[in-house]
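Below is one structure, written out as structure tokens; comments come after it.
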Amino acid sequence: MLNRISRRPVRLLLCISALLVSTVLHAQETLITESGVLGGRKQLHRIPTSMLTSSNNIVAIYLPPEYEASDQRYPVVYLLNGAGGSYEHFTSWTNGPRKASDLILAGRIQPMILVIPTRPWGSGHHLEFTDYLVQELIPFVDTHYRTIADRSSRGIGGWSLGGGNALGSVLARADVFSAAA
């Protein structure tokens, strides 16, 4: 009888622990959508952040066509939006995956993972955003994808104000990024 009674609190504790762990894991990131793009995959994630003011932190990630068929690790390029931009530029007028695919097929660059945060930001905020990239986004990408997780294989670029912010980020954190465009 005593043995049955002592197991109930343990089972209850295990159930509560499992619920808490699943809630914490869910709060870490959410895969919103996934679709095929140029033989590769585009994934949209909502990643909570303690560093940025908005809770709407969506990140688009493009995995090259070779990603699924191999166990190779890939370099990563972070593409920053200009003022008012969003991850939708990922497959619209900037079309990062198509441009990357064309350059890969032409033998001008190697296959890579492209990451586009949907955080429009203007000048004067690049240091705060760089802190977010380095402390929260890069660890997320390096943990969830097969990346070459070192400075020599990590670049940053952008369009519009994002280009200036990419330059500011690489100058501020030359220990993290090897190139800016």
### Task
May I ask for the equivalent-ellipsoid semi-axes of region 130-173, computed as the square root of five times each C-alpha gyration tensor eigenvalue and listed largest first in whole Å?
20, 11, 10
### Message
Per-residue counts of other Cβ atoms within 10 Å, averaged by peptide: what ranking do you get for 162-170, 140-148, highest first?
### Response
162-170, 140-148
### Query
How large is ³J(HN,Hα), in whole Hz, for each residue of region 134-144 in order, when computed from phi with the Karplus curve 6.51 cos²θ - 1.76 cosθ + 1.60 and θ = phi - 60°, using x for Gly and Pro?
6, 8, 10, 6, 4, x, 4, 5, 5, 7, 8
### Message
Quick check: with the 1.4 Å probe, what order do R151, R41, R73 take by accessible area, largest first?
### Response
R73, R151, R41
### Task
Provide the per-residue ³J(HN,Hα) series for region 158-166, in order, calculated from phi with Karplus coefficients 6.51, -1.76, 1.60 and θ = phi - 60°, each as a whole number of Hz, with x at glycine and proline positions.
x, 10, 6, 5, x, x, x, 5, 5
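The values are calculated or read from the model by the stated rules, or taken from the named source; none is laboratory data. Just so it is clear, the model here is predicted, and its values are computed rather than measured. Note that each Cβ is placed from the backbone with ideal geometry, even for glycine, and that neighbours are counted across all protein chains shown. Heavy atoms of the whole protein, side chains included, go into the accessibility calculation; ligands, DNA and RNA do not. Shrake-Rupley method; radii C 1.70, N 1.55, O 1.52, S 1.80 Å.
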